[in-house]
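Here is the structure we will look at.
Rule-based calculations on the coordinates, nothing more; no lab input. These numbers come from a predicted model, not from an experiment. Quick reminder, even Gly has a Cβ in these numbers, built from the backbone with ideal geometry, and neighbours come from all protein chains shown.
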Amino acid sequence: MANWRQVLRGFIPGRSGGGCHGDGSRRKNNGLRKVGIVGNPNVGKSVIFNKLTGAYVTVSNYPGTTVNVSRGKAKMGGREVEIVDTPGMYSLLPITDEERVARLILFEEKPEVILHVVDAKNLERMLPMTFQFIEAGLPIILDLNMMDEAAAAGMEIDIGKLAEQLGVPVVATVATTGRGMDALRRELIEYAGDRASGMINPWNRR
Ligand SMILES: Nc1nc2c(ncn2[C@@H]2O[C@H](COP(=O)(O)OP(=O)(O)OP(=O)(O)O)[C@@H](O)[C@H]2O)c(=O)[nH]1
Ligand SMILES: [Mg+2]
């Protein structure tokens, strides 16, 4: 696999992406029950969580800790899906209690899909963690959030090429305005559908 520096060189600066990376052969969802939202602190995870879940939210301490975890329900692909908003983390190797809880949610609760939210204008700082998730065999979708700020900074990101080079689905959002959220929902449903149909089974890849 290319490392993240090679990937960065390959797609940025580049043409504006069309946001499309699929091969059109995806099947409908059968297996989406839980989505975990992960990423660095302050990238927009909770805004995305709130947009996905609406009103049905509970906040509680993760068992045995004082770390708050929000859980909510969303209707996706005709079924109810649990969405978990994890505390911000800088690495899969936990240092803080928050990071330990985020890691536990990933590896113990095994969500069918893990939404890795990053700040699109700071990809260089964010992609190393994407690589950690990929190398750990986690079923991630990469969400380039804060695309408004990336655009304002004059950045153009070739989303299709990024998805191709990483080998994972990539979506682009502006969580605060809701831009890209419908495409994100579709991606969550389709990706889980692929896994349920056996096309992708990252949990068995290790
Ligand atoms: N301009 C812009 N601001 C955003 C966007 N998404 C989130 N924000 C803002 O970014 C800040 C952080 O958002 P949160 O959702 O709290 O971030 P978080 O990832 O949950 O942060 P932690 O819980 O601390 O890990 C808030 O002020 C949001 O309003 C976006 O797409 N564009
Ligand atoms: Mg948050």
note = In region 84-101, residues that are within 12 Å of ligand 2 (Cβ to nearest atom) and in contact with a Pro (Cβ under 9 Å, 6 or more places away or on another chain) total 5
Test for Asn122: is it within 10 Å of ligand 1 (Cβ to nearest atom) and of a type in the set (S, T, N, Q) = no
query = Does Thr130 count as in contact (Cβ under 8 Å) with a residue 12 or more places away in the chain, polar (S, T, N, Q) and farther than 19 Å from Val174 by Cβ?
reply = yes
Filter result (in contact with a Phe, Trp or Tyr (Cβ under 8 Å, 6 or more places away or on another chain) and within 13 Å of ligand 1 (Cβ to nearest atom)) within region 86-104 = Glu99, Val101
message = Taking the condition of being out of contact with any Ser or Thr (no Cβ under 6 Å at 6 or more places or on another chain), small (Gly, Ala, Ser) and crowded, with 22+ Cβ neighbours inside 10 Å, how many residues in region 77-133 meet it?
response = 1
message = Condition first: touching a His at 6+ places or on another chain (Cβ under 8 Å) and crowded, with 19+ Cβ neighbours inside 10 Å. Can you find one or more residues in region 56-76 that meet it?
response = no
Residue identified as away from ligand 2 (no atom under 12 Å from the Cβ) and within 14 Å of Thr86 (Cβ to Cβ) among Gly44, Gly36 = Gly36
